[in-house]
Amino acid sequence: MDWDDLKFVTALAGAGNVRAAGRQLGVHGSTVARRVEQLEQRLGVRLFSRTRAGMRVTEDGRALLDTARSVAEQLDTLEQTLRRRKTAAAGLVRIAAADLLAAALLPGLARLRTREPDIDFELVGGDALQALERRTADVAVVVTEDPPGHLLGRALGEYREAWYGAPAFLDALSDPPEAVVAVAPARPLLALEAARAGLGIARLPCRLGDADERLQRAATPPPVLISRLWLLSSPDLRGVARVQLVAGFLQEYLTEPA
């Protein structure tokens, strides 16, 4: 069924004749009559009967109108709900970042949680860009020199990494070698915990390592510029208040001095 036909049925039922219904809809009365007749033919029922007083709705017509009004009310309720969700700074925001970058976001998210208690967060680890493309994340913090052009992007500056370890561990080394790690590099969070426990050194984002009171940056080798840091999101979420609020906060947090 063409839902556009229902406005002709509704107008004719209210106006009582095709001319008045046509004026109400801004079309010729013959258009109203034709659209109603075509709908009757498709449904195989009579929706109106002609009387001296005008067009009278049949029993089938009343059933159709009752259903149409119910559907219209449900659609209106749904539209209002969606509008409220779009404009309200409340609900779930999914943030994707590689594991170590996600760990660096935690203090900031704790601060934002205090400021905006109606927003919930879900951190998605692993491939942040892939999570964004698959719509399993709303915003992503990504290390890249060339962010995809179809995504909304906010440049966050340079991304650097350096070697970190527990102060006591570093004090015991006269010249910390680059290869000293406690676990395989493929398990970055384990390497982080091992460095905190004094079992070795780990290569970490400077944003994370410098802010960790349990760690100290190794004197050598110096920090390495890896790439650029970007905050990315889908254009579809441009007008969603909670997503834009979180994205704005992350931009502020990740560009302020560590």
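Some notes on this structure:
- Dipole size of the chain about its Cα centre, with +1 on Lys/Arg Cβ and -1 on Asp/Glu Cβ: approximately 1640 debye, rounded to the nearest 20.
- For the chain: Kirkwood Rh in Å [reciprocal of mean 1/r, alpha carbons]: 23.2
- Model label points for Arg238 and Asp66, set 7 angstrom from Cα along the Cα-to-Cβ axis, are 4.5 nm apart.
- In a reduced charge model with +1 at each Lys and Arg Cβ and -1 at each Asp and Glu Cβ, region 201-258 shows a dipole moment near 160 debye about its Cα centre.
- Region 84-175 - charge dipole about Cα centre, Lys and Arg +1 at Cβ, Asp and Glu -1, debye rounded to 20: 740
- Modelled label reach - Arg115, point 7 Å along Cα→Cβ, region 147-170 residues with backbone N closer than 19 Å: 154-157
- Residue-averaged 222 nm ellipticity for the chain, from DSSP H runs of 4+ at -39500 (n - 2.57), nearest 500: -14500 deg cm²/dmol
- The share of accessible area on region 108-258 that comes from carbon and sulfur is 51 percent, using a 1.4 angstrom probe.
- Considering only alpha-carbon pairs that sit under 8 angstrom and 6 or more positions apart, the relative contact order computed for the chain is 19 percent.
- Span-like helix check, the chain: qualifying full DSSP H segments, with Cα axial length of 18 Å or more and mean Kyte-Doolittle of 0.5 or more, are 3-15, 99-115, 241-255.
- P(r) tail, region 1-148: Cα-Cα pairs separated by more than 23 Å, 59% of all pairs.
- With all protein chains kept in place, the per residue accessible area of the chain amounts to 57 square angstrom at a probe of 1.4 angstrom.
- Among the GluC sites (Glu not before Pro) in region 136-175, those placed in a DSSP loop whose Cβ has at most 10 other Cβ atoms within 10 Å are Glu145.
- The equivalent ellipsoid of region 92-241 has semi-axes of 31, 17, 13 Å, largest first, where each one is the square root of 5 times an eigenvalue of the Cα gyration tensor.
- Using the Stokes-Einstein relation with a Kirkwood hydrodynamic radius computed over Cα pairs, the translational diffusion coefficient of region 99-155 at 10 °C and a viscosity of 1.306 mPa s comes to 125 µm²/s.
- Here region 221-258 and region 55-73 have alpha carbon centers that stand 52 Å from each other.
- Semi-axis lengths, largest first, of the ellipsoid equivalent to region 185-258 are 31, 13, 12 Å, with √(5λ) applied to each eigenvalue of the Cα gyration tensor.
- Percentage relative contact order, region 10-144, counting C-alpha pairs under 8 Å, at least six apart: 18
The values are calculated or read from the model by the stated rules, or taken from the named source; none is laboratory data. Remember, predicted model here, so these are calculated numbers, not experimental data. Glycine also receives a Cβ, built like all others from the backbone with ideal geometry; neighbour counts cover every protein chain displayed. Quick note on the areas: whole protein, heavy atoms, side chains included, nothing else; ligands and nucleic acids left out. Shrake-Rupley method; radii C 1.70, N 1.55, O 1.52, S 1.80 Å.
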